[in-house]
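Data first, discussion second: the structure below is written as structure tokens.
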């Protein structure tokens, strides 16, 4: 599995691909003036659902945010539920 971050301006798409096709994607928007990354949407191909691929995408977005010293606001309910179960994101998790 390989991640690809296609950032364009203040937005982007993180994709997770296997050797053959796209497994899933996460869309985000960056508000640099607020040091904030908003996770808008997480989508996993039905063939790969239930295997933790969505969680991998959220974790990669968190890694990207940390590298840039941004906080993360998970607008997507799935991303929010993943982050609520993580114990190591209190430093960057914007709950409101």
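The values are calculated or read from the model by the stated rules, or taken from the named source; none is laboratory data. Computed from a predicted model, the values in this text were never measured in an experiment. Glycine gets a Cβ as well: all are built from the backbone with ideal geometry, and neighbour counts include every protein chain shown.
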Could you identify the single residue in 78, 73 that is in contact with a helix residue (DSSP H, G or I) (Cβ under 7 Å, 6 or more places away or on another chain), farther than 17 Å from residue 2 by Cα, in contact (Cβ under 8 Å) with a residue 24 or more places away in the chain and surrounded by 12 or more Cβ atoms within 10 Å (Cβ to Cβ)? 78
Looking at the range 16-24, can you tell me whether even one residue there is free of Cβ contacts under 8 Å to residues at least 40 places away in the same chain, in contact with a helix residue (DSSP H, G or I) (Cβ under 6 Å, 6 or more places away or on another chain) and over 22 Å from residue 93 (Cβ atoms)? yes
It is to be established whether one or more residues within the range 42-58 are touching a helix residue (DSSP H, G or I) at 6+ places or on another chain (Cβ under 6 Å) and within 16 Å of residue 96 (Cα to Cα). no
Would you say residue 63 is in contact with a strand residue (DSSP E or B) (Cβ under 6 Å, 6 or more places away or on another chain), modelled with pLDDT of 95 or more and surrounded by fewer than 14 Cβ atoms within 10 Å (Cβ to Cβ)? no
